[in-house]
Amino acid sequence: MHTPKPTSRRNFLKDSVAGAMLAPSFTHITPRPIASPEVPLPPAPNSVLTRNRNLFNGDTCVYFYNPELWQPEDFSLKTVKNPRTGKLNTRPTLQGGPFSAKAIHRYVDVLADNGVDTFVINANASRAWYPSKTIPSILDGYKRGDRSFFRGHAICQGITKPAAIEDFLDHFVPFMNSYQDLLDAGVDWLAETAKACRRRGVSPWVSIRMNDLHGCNNFEGSFFNLPLLKQKDMRLECSSYGDQNWLYRQGLNYEKPEVRRQMFEQIREVVEDYDFEGIELDWWRQPLCCEPGASAETTAMISDWIREIRALTERQAQKTGRPYPLSLRIPGRLAMLKHIGLDVAALCREGTIDLVCPTGFFCTTWDMPHDALRRELGDRVAIYGVIEGSPNSLPVFDKKGKRTKGLRDTAASLELMRGSAVSSLVLGAGGIEWFNFFVTDQPRLPGLRADYTALGKMHQLDQLRGQPKQYAFGMNGTSQSITPFETPAQLPVVLERKGQYAFKTVMCAEPTDQGLVLLVQLVLKAGSRFEGASVSVNGSWPETLFTRSDELLFPCGPYTHLTKDHIGHICQLPVSLIRDGWNEILVEHGSKQPLGLVTVELGVK
């Protein structure tokens, strides 16, 4: 029986990774010495902290989702008659073209104008999405207008009915034709990204997805998948457990030399043949490497392979005269990564890794333990906070437009952006990486837009104090969470009578002379009986005075309220109760009926 896979962040991308098998000539390098407890080595200068503090991660489609924003003279949204059905489309259709390199330059202009110092552009999903000369590219063999080329990918989005498949192709084929426009014009959009960054003084980095599975529901038939991923003996067999989606855990097995050769070839190409000056290995797409329970020998093999990547970047740095940092985007649960062969702590302590960006799969991890990670990873590596596309999976309601959305978009709320940044900066994060910021614009909903003007205002903690901000908590039991790698969420919980639950989260202390207050909103299941509850912050006397309110603490674009499935109760406390770092929010329940607490939202207002 087919098990539905988790909802992805974009409607048409869903699963995979594979590759070409040109064997590189590996040059062995000796690991840098690890500091002993008795005679600690002084931290080596880290070039990341002096040049790259505000990173913006853009995926392979970042320019192409909304051409009407970046090339408005050539593209517009119109409700038009569908030539296949002869009827008006049910949603506005992108009209115009062709797509050109000027859209890339305009996008980079916006980033540069708004304080981004480093653009981390993603080069691949499974196949290369740029015109690779080394491994298969996403449009190899495609002829413009060939709907059959993409048909096998519909099932990867859960689309199986014939009419729905044709509708999918109506919108997907023009989208992919934008890439073909550039190919026809002789433009390599990945190289053009680096060129645009150089023009504006932005540091160009590249990101490689280490095990992307957007085509896993049809390994054989989806155009997403590299040939190697189609081979069952090259895929993992034991990464799924319980009710986890088995297909979504069948990533490439890095114990296979063919897999390591394939991925190294792509990494070598983007490092040596493109004008980048840093690389990110993205192990959140997906957190799959070797079979769980990796032996010491297997882990050592993977560490040596990553050291070969480091040697590659060091050779490039010597060639260009510029540092070439090696970064990891990873889950924060380092022990789980070691189970699959990734010994991140050892690689950081020896100096192989320059930057680590610990985060969640899709939602911001508000309680990421940056302080504990620093103790584990040592002083030589930079550790950055990651602001994800959504704060958590709380659905919201647009009262004016009568629309419900399954989650909020962080990029539409200054307050959520500030709270997200604080939750890592106050624990010592050296900078910020933005992930999925642009997703806010994708659905093209009235009133919902990403606020690019905020990008340069979030990576310095002192500038955030005294500003209105919102904090949230992670939520369990959603498709946006990939266990066991996700930092375990604290909510939802059910409190029995006289039950207490102490939630821990990270906030920053605020000035007490600017009229600010702390708001605590308890979000309950609709129909819950609410009486006898109290909230205490950092040992304060419990507050029992609540106001029923289904409004969000702060609007998020056009979304202003909770949905009909939830109700909210808000209490107000002195802002002086907040302290830098970890804070305790103690909720007590006094009613005989169990209290279903969906989540807790915190606002400085």
Exercise. Please specify each residue of the range 264-282 satisfying the condition of being crowded, with 22+ Cβ neighbours inside 10 Å and within 30 Å of residue 478 (Cβ to Cβ).
Key: 280, 282
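Can you spot a residue in the range 201-215 that is surrounded by 17 or more Cβ atoms within 10 Å (Cβ to Cβ), touching a His at 6+ places or on another chain (Cβ under 8 Å) and modelled with pLDDT of 95 or more?
Here is the first cut: in the range 201-215, the ones surrounded by 17 or more Cβ atoms within 10 Å (Cβ to Cβ) are 202-215.
Remaining after also requiring touching a His at 6+ places or on another chain (Cβ under 8 Å): 215.
Those still in the list that are modelled with pLDDT of 95 or more too: 215.
For the range 201-215, residues surrounded by 17 or more Cβ atoms within 10 Å (Cβ to Cβ), touching a His at 6+ places or on another chain (Cβ under 8 Å) and modelled with pLDDT of 95 or more: present.
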Self-check item: Number of positions in the range 538-557 that are crowded, with 17+ Cβ neighbours inside 10 Å and touching a Pro at 6+ places or on another chain (Cβ under 9 Å)
Solution: 2
Exercise. Just name the residue that is farthest from residue 205 (Cα to Cα) out of those in the range 140-168 that are hydrophobic (A, V, I, L, M, F, W, C) and out of contact with any helix residue (DSSP H, G or I) (no Cβ under 6 Å at 6 or more places or on another chain).
Key: 163
Quiz item: In the range 48-65, what count of residues is obtained for those that are surrounded by 20 or more Cβ atoms within 10 Å (Cβ to Cβ) and either in a helix (DSSP H, G or I) or not assigned by TED's automatic domain parsing to the domain that holds residue 129 (or both)?
Solution: 1
Quiz item: Restricting the search to the range 508-537, which residues are surrounded by 15 or more Cβ atoms within 10 Å (Cβ to Cβ), more than 18 Å from residue 568 (Cα to Cα) and touching a helix residue (DSSP H, G or I) at 6+ places or on another chain (Cβ under 8 Å)?
Solution: 508, 510, 516, 537
Exercise. Could you tell me which numbered condition residue 355 fails, if it satisfies all but one of (1) closer than 20 Å to residue 54 by Cβ; (2) of a type outside the set (Lys, Arg); (3) not assigned by TED's automatic domain parsing to the domain that holds residue 59?
Key: (3)
Exercise. Specify the residue that is surrounded by the most Cβ atoms within 10 Å (Cβ to Cβ); the eligible residues are those in the range 355-384 that are of a type in the set (Gly, Ala, Ser) and over 13 Å from the mean Cα position of the chain (by Cα).
Key: 382
Quiz item: Does residue 543 meet the test of being assigned by TED's automatic domain parsing to the domain that holds residue 521, farther than 20 Å from residue 416 by Cα and in contact (Cβ under 8 Å) with a residue 24 or more places away in the chain?
Solution: yes
Quiz item: If we scan the range 588-602, do we find a residue that is at pLDDT below 95, small (Gly, Ala, Ser) and in a strand (DSSP E or B)?
Solution: yes
Quiz prompt | Subset of the range 75-94 (residues that are at pLDDT 95 or above and either surrounded by fewer than 16 Cβ atoms within 10 Å (Cβ to Cβ) or part of a helix (DSSP H, G or I) (or both)) | solution = 76
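The values are calculated or read from the model by the stated rules, or taken from the named source; none is laboratory data. Source: prediction; values computed, not measured. So basically every Cβ, Gly included, is an ideal-geometry build from the backbone, and we count neighbours across all protein chains shown.
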